[in-house]
Each structure stands twice: as C-alpha cells, then as structure tokens.
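Everything on this sheet refers to the single structure shown next.
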C-alpha cells in the first residue's frame, strides 16, 4: 500500500498561481485610512519592495518563481502527500484520507514558502534588513531562515506571551542569526504607548505588527514582511496546492472534501486556491472547508467590513472578516490562529460562497492530534489539529453513511516546538475558550465605520 | 543543480545487512559475569524476544525486513540524501559534500529504524510492555512511537538531568502514550541504591539501563529494549547505508570519505557497514571515520576490554572500548554520545583497523552546526554536529590541497528538542569538557579484570 506520493525536484511547480483573475468578481481594494481612497504603490513603498507590490495587485494568472527561490525551495520541496492508511483504519472509515505535509521545511511549517521569496525580492532591491512580527514563532523563524539565506538582517517582534512561554522558537530565530524583541517593547512608539497603559501587557499579533511596521517605516534601509493575510503571501503558498494536484494525479484520485485551518489564511489559501481553480473550471468539484478556533472565529462570527490589520491603526484599511482590530483572543495554544482578521482575498471568496467555514473548540482538536500522532507518527502543530478535527468529523460521517469520500487535509506543520500544548491537554488543563457573545459585541464596536 | 536524491517507496531496501560474516574475524562473544563463559540464548530470554536473540547471534549476511515493519518505515523512509551545495559554497571547497538525513522520522532521529522492528518482534511473541532507558530522549521517544504503533505499553527511565532540563522529550513520549520516570528512581532496587548513596544524583545512561533491565527481568509480560550497542540494533540501522548506496548511484558518485558520530555506535554503523561491505569486496575504497566527543572518548582513549554495559553490573560482559562502567561523563549537550562504552561490533571493527576515529570538543562542533543551519536550513542535533565538524575539517583540507573529494556525512537528527544547547553556544556559555587524564585513569580502574 502506497503511503507517500513524492515528486522529484524536476516536477516541482515553477509558477505561483494568482486566483484573482479567475474569480467572478475582484476583491475590494485596501483603502488609505486618511483619504478613504484605494492605496497606490507609492503608499506601500516604505514597507515593501516594488516586486512584491506589483505581485500584490497583479492581474496575471501565473507568476514565475525566480530560480534563486526554487534553489532554496529544493532544500525541502516538493513536500510529500501522504495517504493516512493507519488513521483510516483506527477510525474504521471507508473514506480515503490524504494529508499534504509542510512540516518537512527547515522550521517545520509552511511559512518558508513565502519567507524565502520575500527575502529574495527585498535583497534583490538592495534592502539591508527586514522587520516582522511573530506570534507562536513559526513565521519569525521562517523569515529568520530566509534572511540568513540571502544575507539580510532580521528583526522580529514576538508576542510577549509566546516569547516567555515558548523560548525554543526564539532560540531557533537566533540560531538563524535574527534579533528578537518581546512585544510590546520599548523599541517603538507603539510599544511604549501600550506599555504605558498596561505595563504587564502580554501582547498580541496586532500590537507586534504595529511595532514592526513602525520600525520599518522609519528606516530607509529596512522593509517589513508579513507572514499571511496579503494577496502576494497567499499566492506564494499556492505551490502547496499545485504540488498536491500533481500528487493526486499520481495517486489516481480526486479529493471530494478539502479542509484546512485558517488564521490569517495563507496555509488554507495555499492548498485550496489551485483546487478552487479546477472547481471553477468544472474539472473537479471538491467541497472546500476552512476551520477556525472557537476562541477566534473571524470568518464564522466576525463582521465583513473595512478594518485595520494592526492594533495601532498603522496599516491600510482592509475589507475582511474581522473581530475588531483591538480584539485580543484568549491564549489558546494555536498561536498562529490568533489573529483578529482574515485575509481579504479569502474573506471575499467566502462572501462569494465558494468555500464553507466552521469553528471548533481546541479540546476536540487536540484529541484528533493525539489520535493522529499515535497512528501516523507525526505530532501535528496546534493549528492543523483544527483541520484534523474537521477531517475526523467528515471521516466518521462517511462511516455512518458508507460514503467513500476522498478527504484532503492541510497538515501545515509539526508540534516539536509546541509540545507544552500537548502536555496541557494530557493533564486535562485545556478549555475551549469559546468566544462569548458579549465579548464579541464589545470587540466589534472598535471596527471603523468606513466602507 | 540537484539538491536531494530521493528513492521511491518501491526502491526501499527490504533486507537488513549483517556485517559479521563478511569480517576477517568474528567479534568476541559476550560473557556471563558469573561463569566467564559466553552467554547463550537462555541467558537473554528474560530480556529479549527469541527473534531478536536469533538476530543478535546470526551468521546470515541478510535478514528480511517483515512487511509490518516496512509498512511503518514508509511513514518516513526512504530518507533523503542531500548534496550540500550551499555549505560547499560557504566553505569555498572543491569537495562535494553529501548528507544522509534521518531527521525526517516521526521523532526526528534515526532511532525509529530499530525501535519499530524491536516493538514488532516483541508484540509478535505476545509481550505486553517494553522497558527502556533514554538519555537526551531520542531513543525513548522512538520506542514510545513504536510501541504506540504495535499496541504495546512503554515504560521509560530518563536520565534525571535530561528529564529536568529537556521537558519537551518527556512530553513527546507521553503524547505517544508512554510512562516516563526520572532515573535514578524509587521504582527499582538499582535506583534506590544510587539514591541512598547520593540523593541528588542526576543519573547516567548506565544507571537508567540498570533500572530498565531490572524492571523487565522481574516482569514476565515485559521485555527490555536497547537503542544502540547490540549487534541486532546496528543491523536494523543498516537500512540507512543501503539506501545511501542506491542514492549515490542516482548521483553518479562514490564517497571518498564517510564520517559519522559515535555514542553507542548504531547511527555510525548503520550508515557505514554497507559501505564497508563494498570496501571489503574491493568495489569502492572510502575512508571511514568515527567522531566522538572529547568529553567521552571511548574509542580513542578507552580500554578495549570486557566490561559491563550498565552501572549496576546487571548486563553480560561485553568486549568493547570502555571508559569504565562507573564513568559518568560531563554534561555536554550531545546526550546521545554520553555512554561509557562502544558497540562491541564497532569496537572489533576498529581493532581490525577498518575504520579511523577522532575526538572533537563541542565548541567546534556547534560552530559547524550553526554554519550548517545558516546554509542548509536544518539545525543539526548536537550529536551529528560532531560529524559535521569533521566534515568541515575535511572540506577545508580539500580547499588547501585542491582535492575534489566526495564526503558523506551521517546527519542523524535535528535539534528541535535540543535548542537550549544552541542558546548556550550563542551566549558563549559552552566549554569542551575534554576528559582529564586523571579522571580517565580513575574511571578505567573500575573495568573488571576479566578476559
């Protein structure tokens, strides 16, 4: 029984896929918070290199991956597509379960797929250093690795709660040569303001973004890098789905259901968009399902409105599903899913009715994670346990109905640096932190009355 | 430029290689400490299942890998062989550097290659539970994973120093369903004896082995599993070298130098023995080089003599290079290399002059590890940084002489669960702990006057 579908380096995709020209309507543009007008390339130039700004607004269906980026991708790509024979057997399901595994990357997640091209384009335009934020640390370590590869300096603001509780990620970033600050920090105006109001603040992604953006905007040799949310980031991740399509051909199968977790949306979009292209073209018809944590349910319970991407209001206004830019989610273990908004492109696609979404509490997710570890050997990161929980639900439905569906799951990383989350689950110390109605109402009140 | 040489599952070796029949002389047998006579199968039956005892003394050149074991191997095998283009460029060497990477396994090291068959053969003979020891935790987590796979209980004694300092490994073992005790423990006579003499004992591999052996010997439903040292363990690891031989064929190359780190010897033997077979048959002529830490240099500075495998003297006497079974190495970060002895089979091969050995201090090793991480992306476990340091030395020699050698390095695992070691190095808090002459003399005085 074939377990892994492996592509040779020679079969690695050489283009990223931009879904925008294939959509029935274009996504609403980002707006300048002062003028209320769409932002132009000049507005973004202090933060991003020209090549990435061009990709952000591109109408081209495919963009060639530079040879220098392919060279680095080859350190771990193509990533394997697995058939989960052992999990299927444990569940007693007639479903065929597949998972696309991104944990083979240097930092153990899908994040280097965009960190590497972002570092490359910045280096190519003479940028000296990149600033960024990180929550659990997956994005920060990916950018630290990518910067080491192209000789850039890297400065990371890590959410204070993670900085203190997950020291391994910080060491990984420093091993790759990066400088790491806890956020909020005294290094920026945004950080000092937060600390003045709340000296014990444990931070949030929104605050850390403010700090990194502020630092980059004030240093002409620096630019800023974002690990999710933006169009170009989601596009870089489509190499995942393009590979998976080729691997399903090898397997002689087609997915009936595709599930992925959503934080900012890049892991989900990366796997789903190439399959959505095939669906829109009538070549296959998978149900496509986004899974978010009950503690931070932006797609299923947020408002679709223009809001800031960060807490201090330094970014353009983005039309997205948002819980309010001031919202600080409860400290669940899936740090990568704790963001108040959702990628505008993914929000738009959800509004178009092209994908479904559901929210799941973390206890069910970790139960699925443990079952997966004991059958398939890989201990999944807290984020993709959400996709696994939805996958298990679907497989058990198939068991009831007898349907032999093919389910494809995005396994975007392993848990080696998140093991304390499993310790908490095994010790019975985990709660779901489902977002209360009242808290949601308060948070939504901070959404600006624009657009 | 090709980066990875990947084998399809269909090309995975289906036999382990037993080097013993190909050696010019057989290795000296283990002796019963009471009688001084070679131990027989009956002596080993309380500790090991019949199938593994048969493998331990087998004269067959090849042993078929059971289909059930191949099924589990396919979760991560065949493992990749990499060409280190980026490291070569950073070193400016004309050498071609290759590394065989075992960090793709569920627990991030080569250990599951033997944990899986050991669990399988025990389960097949009706054993209910396995006991074992672990130092840094790599072996314990591999056996925990393997036991989960075949429905066995797993009880692990982890050296107290690691248990306290490296909690992530313990969580990994528990996630796979194992029970973990710090060693020395109150669970065994051996442990209680050590604690009575030294209540603050931080333990050693030798002590942990005593505890696990004692527990298995006293429970008819339990057996014991060892992660290195024994013939059958080294044999299970030869799948590494067999794959690498096929991958070098794909690369159209032949190694001139092969370097691996040695603790108990299984990682080194696993890669080296198939190449040594080719060398003994005159089909290639690589130099084969074992690298050990300066703090625990059993091959280069130990005595070749019969000694116990554990501290309490519960094991048979093994003819090996030993620093004395009472020796407790300084707490260097490469926990997997802190064993007082060396595999008898590898010791014998060293005495026959078929391999070289050298010892390196850990600071040079971590410098090589950092350089490797920043070029190749993988942060190597502390153990294989020793092989990398020797590889860098060889590559720099080639730079001086202009020789275009092909160097093959055993990269037996990643450092995700050992990152504090890198933090210590980056903070300048690392010393080499080279073994002092006086300490060595004291330690060797504990070697029994047998044989």
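Miscellaneous remarks
- Residue list for the stretch B:250-286, restricted to those being surrounded by fewer than 21 Cβ atoms within 10 Å (Cβ to Cβ), on the phi < 0 side of the Ramachandran plot and out of contact with any strand residue (DSSP E or B) (no Cβ under 9 Å at 6 or more places or on another chain): B:278, B:280, B:281, B:283, B:284, B:285
- Sole exception among (1) over 24 Å from residue B:366 (Cα atoms); (2) buried (at least 23 other Cβ atoms within 10 Å of the Cβ); (3) modelled with pLDDT of 95 or more for residue A:171, by number: (1)
- Residue check, residue A:340 in contact (Cβ under 8 Å) with a residue 60 or more places away in the chain and more than 14 Å from chain B (Cβ to nearest Cβ): yes
- When A:94, A:78 are checked against the criterion of being within 30 Å of residue B:373 (Cα to Cα) and touching a residue at least 60 places away in the same chain (Cβ under 8 Å), a single residue qualifies: A:78.
- Subset of the stretch A:237-261 [free of Cβ contacts under 8 Å to residues at least 40 places away in the same chain and in a loop (DSSP other than H, G, I, E, B)]: A:252
- So residue B:416, is it within 12 Å of chain A (Cβ to nearest Cβ) and either surrounded by 24 or more Cβ atoms within 10 Å (Cβ to Cβ) or under 23 Å from the mean Cα position of the chain (by Cα) (or both): yes
- The listed residue being outside any helix (DSSP H, G or I) and either closer than 25 Å to residue A:206 by Cα or at pLDDT below 95 (or both), out of A:270, A:264, A:282: A:264
- Conditions (1) surrounded by fewer than 23 Cβ atoms within 10 Å (Cβ to Cβ); (2) at positive phi; (3) in contact with a strand residue (DSSP E or B) (Cβ under 8 Å, 6 or more places away or on another chain): number failed by residue B:316: (2)
- Residue check, residue A:334 in contact with a helix residue (DSSP H, G or I) (Cβ under 6 Å, 6 or more places away or on another chain) and under 22 Å from residue A:427 (Cβ atoms): yes
- Within the stretch B:166-189, the residues that satisfy the criterion of being in contact with a strand residue (DSSP E or B) (Cβ under 6 Å, 6 or more places away or on another chain) and within 14 Å of another protein chain (Cβ to nearest Cβ) are B:170, B:173, B:178, B:179, B:180.
- Matching entry among B:213, B:233, B:180 (being under 18 Å from the mean Cα position of the chain (by Cα) and touching a residue at least 12 places away in the same chain (Cβ under 8 Å)): B:233
- Answer residue from the stretch A:45-62, given it is in contact with a helix residue (DSSP H, G or I) (Cβ under 6 Å, 6 or more places away or on another chain), within 30 Å of residue A:24 (Cβ to Cβ) and in contact (Cβ under 8 Å) with a residue 24 or more places away in the chain and is surrounded by the most Cβ atoms within 10 Å (Cβ to Cβ) among those: A:52
- Qualifying residue in the stretch B:190-207 (condition: more than 14 Å from every other protein chain (Cβ to nearest Cβ), closer than 26 Å to residue A:422 by Cα, in contact (Cβ under 8 Å) with a residue 40 or more places away in the chain and in a helix (DSSP H, G or I)): no
- Exactly one residue out of B:5, B:17 is surrounded by 12 or more Cβ atoms within 10 Å (Cβ to Cβ), within 14 Å of another protein chain (Cβ to nearest Cβ), in contact with a strand residue (DSSP E or B) (Cβ under 7 Å, 6 or more places away or on another chain) and modelled with pLDDT of 95 or more, and it is B:5.
- Filter pass, residue A:402 being within 20 Å of the chain's Cα centre (by Cα) and in contact (Cβ under 8 Å) with a residue 12 or more places away in the chain: no
- Taking the stretch A:145-165 as the range and being modelled with pLDDT under 95, surrounded by 23 or more Cβ atoms within 10 Å (Cβ to Cβ) and either within 12 Å of chain B (Cβ to nearest Cβ) or out of contact with any strand residue (DSSP E or B) (no Cβ under 7 Å at 6 or more places or on another chain) (or both) as the test, only A:162 passes.
- Residue match in the stretch A:426-435 (condition: crowded, with 21+ Cβ neighbours inside 10 Å and more than 10 Å from every other protein chain (Cβ to nearest Cβ)): yes
- The set of residues in the stretch B:366-402 being out of contact with any strand residue (DSSP E or B) (no Cβ under 7 Å at 6 or more places or on another chain), more than 14 Å from chain A (Cβ to nearest Cβ) and either within 24 Å of residue A:178 (Cβ to Cβ) or in a helix (DSSP H, G or I) (or both) consists of B:392, B:393, B:396, B:397, B:398, B:399, B:400, B:401.
- Strands (runs of 3 or more DSSP E) (entirely within the stretch B:34-106) containing at least 1 residues that are at pLDDT 95 or above, in contact with a strand residue (DSSP E or B) (Cβ under 9 Å, 6 or more places away or on another chain) and within 14 Å of chain A (Cβ to nearest Cβ): B:81-83, B:96-101
- Taken over the stretch A:78-94, the criterion of being surrounded by 19 or more Cβ atoms within 10 Å (Cβ to Cβ) and over 27 Å from the mean Cα position of the chain (by Cα) is satisfied by A:86, A:91, A:93.
- Within the stretch B:107-142, considering residues that are in contact with a helix residue (DSSP H, G or I) (Cβ under 7 Å, 6 or more places away or on another chain), assigned to a strand (DSSP E or B) and away from chain A (no Cβ under 14 Å), the one nearest to residue B:169 (Cα to Cα): B:134
The values are calculated or read from the model by the stated rules, or taken from the named source; none is laboratory data. The structure displayed is predicted, hence computed values, not measured ones. All Cβ positions, even for glycine, are placed from backbone atoms using ideal geometry, and neighbour counts span all protein chains on display.
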